[in-house]
1. Once you charge only the Cβ atoms, +1 for Lys and Arg and -1 for Asp and Glu, what is the size of the charge dipole of the chain about its Cα centre, to the nearest 20 debye?
2. Enter the mean projected area of the convex hull around the alpha-carbon atoms of the stretch 36-112, in nm², rounded to one decimal.
3. Using only alpha carbon pairs under 8 Å that are at least six residues apart, calculate the relative contact order of the chain and give it in whole percent.
4. Could you give the C-alpha radius of gyration of the chain expressed as a fraction of 2.2 N^0.38 Å, taking N as the number of residues it contains?
5. Who wins for biggest fluctuation among Val100, Val155, Val144 in a Gaussian network model of the chain, springs between alpha carbons below 10 Å?
6. State to the nearest 20 debye the size of the charge dipole of the stretch 73-137 about its Cα centre, where the only charges are +1 on K and R beta carbons and -1 on D and E beta carbons.
7. Per residue of the stretch 82-96, what does 6.51 cos²θ - 1.76 cosθ + 1.60 with θ = phi - 60° give for ³J(HN,Hα)? Whole Hz please, x for Gly and Pro, Karplus curve as stated.
8. Let me have the 222 nm mean residue ellipticity of the chain computed from DSSP H runs of 4+ only, each contributing -39500 (n - 2.57), with the sum over all residues rounded to the nearest 500.
Amino acid sequence: MTAEANEGRDVNHFDDIKREYASAAKPLGLEVPVGADKHEIERVAARVDLPMCVALKQFFSWMEMDYNGVLRGTDCFLVNFLNNVEWLPEFFAEMNVTWVGPQPVCFYSHQGYIAFWYDATSVEDDPPLWFLADDGRHNVPSKVGTVSSVLSDEVRAMMAARIPRHSQD
């Protein structure tokens, strides 16, 4: 669905993971995340002068202030948005990647070796993502899902990593 078609609708791409997170948060020792408000999100988007897709705005309105939560250590919050956008060309250069696609909007990086971005010309409210990592396996940009599917999968994976493992005696 395009952002224009979604305008005014009550579609939230994170409803499922928000429910999962809410039910698992307390047993995992996680706080309920506090999101950014619409005006703060729009102010940051205007500073970058690149479009921020609907799904990413929804993520920021849910998870923005959760720096010490399940995604701790990952630069995927609104406060990281401008730095991620500016950093991506440096990462491309470091990885010897020549990006010939449309303007990338990087919103997720992890410790300087992982990046997720979407195409700034996309009109979809939950656009496809590109992924690149300096890990010896993902050193060529590849499409990996959508903004909401990847962020939801990341939250699920980090929640699963917090579940205590019981040894089998």
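1. On the way: 14 positive and 26 negative charges, 86 e Å.
I would put it at about 420 debye.
2. Values: hull surface 21.1 nm².
For the stretch 36-112, averaging the hull's shadow over all directions gives 5.3 nm².
3. On the way: 239 pairs, mean separation 38.3, N = 169.
Normalised by residue count, the contact order of the chain is 23 percent.
4. Working: Rg = 16.4 Å, N = 169, 2.2 N^0.38 = 15.5 Å.
Scaled against compact globular proteins, the figure is 1.06.
5. Highest fluctuation of the listed residues: Val100.
6. On the way: 1 positive and 10 negative charges, 22 e Å.
In total the dipole reaches around 100 debye.
7. Per residue, the Karplus-derived 3J(HN,Hα) values read 4, 4, 5, 4, 6, 6, 3, x, 5, 5, 4, 4, 4, 8, 6 Hz.
8. On the way: 6 runs with 66 residues, N = 169.
Computed mean residue ellipticity for the chain: -12000 deg cm²/dmol.
The values are calculated or read from the model by the stated rules, or taken from the named source; none is laboratory data. Every value quoted in this text rests on a predicted model; they were computed, and no experiment measured them. Neighbour counts are summed over all protein chains in view; Cβ atoms, including those assigned to glycine, are modelled from backbone coordinates with ideal geometry. Accessible surface is based on the protein model in full, side chains and every heavy atom, while ligands, DNA and RNA are left aside. Shrake-Rupley method; radii C 1.70, N 1.55, O 1.52, S 1.80 Å.
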